[in-house]
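Asks: Would you mind keeping the following structure in view while I ask a few things?
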Amino acid sequence: MQNVFIELGIPDEYAGAKANADTETIEINAEDRRLRLADFSEIFAEKNIIGIPEDERYREICKYWPGADIYKVLEGNWCAAFVYYCCMAVGIRLPIRYPNRMYRLAGVGAWLDWAQLPETGFFYRDKQDGFNPERGDIVIYEKLLSDHSHDHIGIVIACEDNRIRVAEGNLDNKNCSGVLYRDRDHCIFGYIRIDNGYCFNFDGEYKPIR
């Protein structure tokens, strides 16, 4: 079983998470974790975290991702790792890589892939069936900072008519964190709204990546 945790990239500290034998799910408090996510990320992003090893808060963000050179690997590319860290900090437990998927959640594409799985279904286009972003949603941008699809990600702090206030890591590729307003009609691919009762529980056939 330990090899499975290693393959999924789940830290040892969560390998022994308490399970409920009746429901076969990890016991969690299904309070409004999205609001907690917004609260935490807003305060954390405003600390002006710098993406260098000398910044203790950046090292905290990187701690989930294996690799001796992870600080360098994520330098200037840690927006998704910031979102992951904030989720974990408020009790939204996620694997580093979803079983049988290729990429880790340190990349925006992996978040988009995970949010559209049949067992999640958390992805929404803006204004899709009346959808409007709310505090605690996760926003995925489209060619905001580059010519590549889904190239940036952040956490929605507020939605005000045609703009959103967002907490982000690697703000505008400046290798620092911050909170800012962005236009809802500019370079937004969609949103992830994690259900407050969500608990990671994989029931499929596990196929280790070789």
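Asks: Pairs of Cα atoms under 8 Å, at least six residues apart: use those to get the relative contact order of region 27-158, whole percent.
Replies: For region 27-158, the relative contact order is 24 percent.
Asks: What full-extension length gain, to one decimal in nm, is calculated for D69 and N132 as 0.36 nm per residue of separation minus the Cα-Cα distance?
Replies: Here the answer is 18.8 nm.
Asks: Let me ask something else. Subtract the Cα-Cα distance of L145 and D183 from 0.36 nm times their separation in residues, and report this length gain in nm to one decimal.
Replies: Going from the current span to full extension adds 12.3 nm.
Asks: Over all directions, how big on average is the projection of the convex hull of the alpha-carbon atoms in region 51-210, in square nanometres?
Replies: Computed as one quarter of the Cα hull surface, the answer is 10.0 nm².
Asks: What is the Cα convex hull volume of region 71-144 when expressed per residue in Å³?
Replies: Residue-normalised Cα hull volume stands at 121 Å³.
Asks: Quick one: I140, I155, fewest Cβ neighbours within 10 Å first, how do they rank?
Replies: I140, I155
Since every read-out is calculated from the coordinates, none of them should be taken as a lab result. A quick note: this is a predicted structure, and the numbers were derived from the prediction, not measured. Because the Cβ atoms are built from the backbone with ideal geometry, glycine has one as well, and the counts that use them run over all protein chains shown.
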